[in-house]
2 protein chains.
Amino acid sequence: MAAAPNIREVALLAGVSVGTVSNVLNRPELVAEPTRDRVNAAIAELGFVRNDSARQLRVGRSRTLGLVVLDVANPFFTDVARGVEDTANQHGLAVILCNTDEDPAKEASHLDLLAEMRVQGVLINPIDTDGRLTALRERGIPVVLFDRLGDPALECSVAVDDTLGGRLAATHLIESGHRSILFVGGPRSLRQVQERYEGAAEVVAADGSAELTVLPTTALNVAAGRAAGDQIAARGRDTLPSAVFCANDLLALGVLQALTHAGLRVPGDVAIVGYDDIDFAAAAAVPLSSVRQPRQQLGRTAAELLLAETTEDDHEHRQVVFEPELVVRESSTR
Amino acid sequence: MAAAPNIREVALLAGVSVGTVSNVLNRPELVAEPTRDRVNAAIAELGFVRNDSARQLRVGRSRTLGLVVLDVANPFFTDVARGVEDTANQHGLAVILCNTDEDPAKEASHLDLLAEMRVQGVLINPIDTDGRLTALRERGIPVVLFDRLGDPALECSVAVDDTLGGRLAATHLIESGHRSILFVGGPRSLRQVQERYEGAAEVVAADGSAELTVLPTTALNVAAGRAAGDQIAARGRDTLPSAVFCANDLLALGVLQALTHAGLRVPGDVAIVGYDDIDFAAAAAVPLSSVRQPRQQLGRTAAELLLAETTEDDHEHRQVVFEPELVVRESSTR
DNA sequence: GGCGGGCGTTGAACCGATTCAGTCTTCCCG
DNA sequence: CGGGAAGACTGAATCGGTTCAACGCCCGCC
């Protein structure tokens, strides 16, 4: 394997100067056609591939963008990542993916690496909002928050209205005749969980005739949902809630599974509404009603805001808030 | 936001030469302690961040690694990606994620970009095996295939023994007393699908008393599974297979849903075995039996092979084949 | 006293693409 | 026929770390 040829060797072979080769690569319209053909032939013959670090060094910025998420294994982030990638690719940018596992130390070290790489910007669902992010901004690297609103003086952000989502779910259940609703979710310290609960609580309070109770969980995964479902099933028929609203679909799937196991019918005995509308919600044995978040859209928009910030000279930070949408399926219809 | 300070300004402030600053950054043990402290203080004061492209240009290789998958939205690839990322991070490398959507043109353009970035190597589940990959190798960029074996003369590869997986599933079903087994999966052009089928067919043929039929699908997702399930349910009780073996869990979830819908009991009327053991398999309303692939392990191993190839001077390409494992759950036990 | 060796530091060359001021042609028009 | 402008191309300076040969210095040893 021969050493990678550089632009000088291409110039030599084509009988032109390096400047011309560079022009062929970057502004081909400036170069006369016969010359351009000769250069392209030389490039093909040598198998020349532009060295991006040299280009970057000269130009000052890279062609990558950092995406920092809590966990790619969560389908929610996966879909966001798809949106980001699609938009980035359209603009010739590559995406560097980082998982933080909700660990501030991992978050910090990833951000340091991204700063060294001079990424065009960072899209992040932050844990430790202020530590490194301020530093990044000071270094001139734009930051866009997603799934959480930031300070509009400092950065752009994209989120979904979780309070509205909670209201949608509760309204649907009340209109379907449910009077005792159980909210399953936690930890409450997560903004999303808290706001979804508050939205539901608001609607229930306004109605007057219904009541909302809470069953806290320690995590937002299927196992925690199963545990919650077991607790619900253990209550005995007369103290069952008539409907359960879960803080996300993973919980809802767990609850569904535990209730079915215990011989309870969904939605006959207990209705269930989840949140996120991940693909598996529709694929559950009893298809789950769920509050849909425009996940890919979230990712695309975040990426677009970032690109806007890098190109506009008089950029004003924006906050985009999407509205969730209720998708009613079998788990909440009688 | 001030322009990013460079190593020269740090040197000036600390009263040393640029060479010394570089040594503090890369081989601190060569620098006397008081000098080192002065330099570190200057770095902190200026908020200096090393410019990785300059470093890369000089050193010749980057600190990133490319991961090219068919679709991040598939939980299988997500878990592989986690494994890759964990290993890469341990070695101070960042991961650039690319989706190909099974489109050779997207694959090619991603590989071109990765080549320009001079990534340390590429991990790929290739569609178009030979086109660009040969070119990459010629440019000296190591390639590791995963979920598919390559030519051991050319590259390392990591895969799971899909024939064995098929044998495990069929053996389990036959031993549970099933005599008419239906294989659901497609397109047959996918190596994985074909081998899983062949493994099952082998066992069935050896047994003699059982029979294996095939219901082809055009894709490996939940919707295709539902369609297949509807077809099966339409057959009428006496011609039902007693067990269904699906080429992956997404199909199995779809089949499960359609059968349940049609009033058939799983596993009472029809048993189901899936493949992959994605997290949602255990969480289905009837927990799915499935053939588990060591997904994170696959990713970690692929990354390790790549690192080995970049560090060892007398590297020999290896092929690692993992053994899948059958996880029996409710969907196939009476 | 002289010599060798180790330690700490220096500073210029280097990596490879981009950019831009400048040169050389050619052609048009008065 | 001369002036001027447009078009095509050149080549050196530049980006910012890294590396390494070379240097100064001090210490210990014969």
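Observations, loosely collected:
- Helices (runs of 4 or more DSSP H) within the range A:229-326 that include 1 or more residues among the aromatic types (F, W, Y): A:279-283
- B:N89 satisfies every condition listed in (1) within 11 Å of another protein chain (Cβ to nearest Cβ); (2) over 17 Å from B:G121 (Cα atoms) except (2).
- Of the residues examined, B:A14 is one that is touching a Lys or Arg at 6+ places or on another chain (Cβ under 6 Å) and outside the structural domain of B:N125 (by TED's automatic domain parsing).
- When each of A:V49, A:V10 is tested for being more than 13 Å from every other protein chain (Cβ to nearest Cβ), in contact with a helix residue (DSSP H, G or I) (Cβ under 9 Å, 6 or more places away or on another chain) and either within 16 Å of DNA strand C (Cβ to nearest atom) or assigned to a loop (DSSP other than H, G, I, E, B) (or both), the lone residue that passes is A:V10.
- Residue within the range B:147-159 that is under 17 Å from B:E323 (Cα atoms), assigned to a helix (DSSP H, G or I) and of a type in the set (D, E) present: no
- In this structure, A:T35 does satisfy being assigned to a helix (DSSP H, G or I), more than 9 Å from DNA strand C (Cβ to nearest atom) and not aromatic (F, W, Y).
- Verdict on A:E29 being more than 30 Å from A:T301 (Cα to Cα), more than 14 Å from DNA strand D (Cβ to nearest atom) and open to solvent by 60 Å² or more (accessible area, probe 1.4 Å): no
- From A:A94, A:A73, A:A81, residue being away from DNA strand C (no atom under 14 Å from the Cβ), in contact (Cβ under 8 Å) with a residue 60 or more places away in the chain, assigned by TED's automatic domain parsing to the domain that holds A:V119 and of a type outside the set (D, E): A:A81
- Qualifying residue in the range B:172-181 (condition: within 14 Å of chain A (Cβ to nearest Cβ) and not in a strand (DSSP E or B)): no
- Pairs with Cβ under 7 Å, 6+ apart, first in the range B:310-324 and farther than 14 Å from B:G121 by Cα, second open to solvent by 80 Å² or more (accessible area, probe 1.4 Å) and outside any loop (DSSP other than H, G, I, E, B): B:P324/B:R292
- Scanning the range B:294-331 for residues that are under 30 Å from A:T260 (Cβ atoms) and β-branched (V, I, T) gives B:V327, B:V328.
- Total residues in the range B:178-206 satisfying the condition of being open to solvent by 60 Å² or more (accessible area, probe 1.4 Å) and either more than 21 Å from the chain's Cα centre (by Cα) or of a type in the set (K, R) (or both): the figure is 7.
- Any hit, the range A:61-77, residues being surrounded by fewer than 17 Cβ atoms within 10 Å (Cβ to Cβ) and in a helix (DSSP H, G or I): no
The values are calculated or read from the model by the stated rules, or taken from the named source; none is laboratory data. Everything quoted here is computed from the prediction, not taken from an experiment. Glycine gets a Cβ as well: all are built from the backbone with ideal geometry, and neighbour counts include every protein chain shown. We work out accessible area using only protein heavy atoms, side chains counted, and drop any ligands, DNA or RNA first. Shrake-Rupley method; radii C 1.70, N 1.55, O 1.52, S 1.80 Å.
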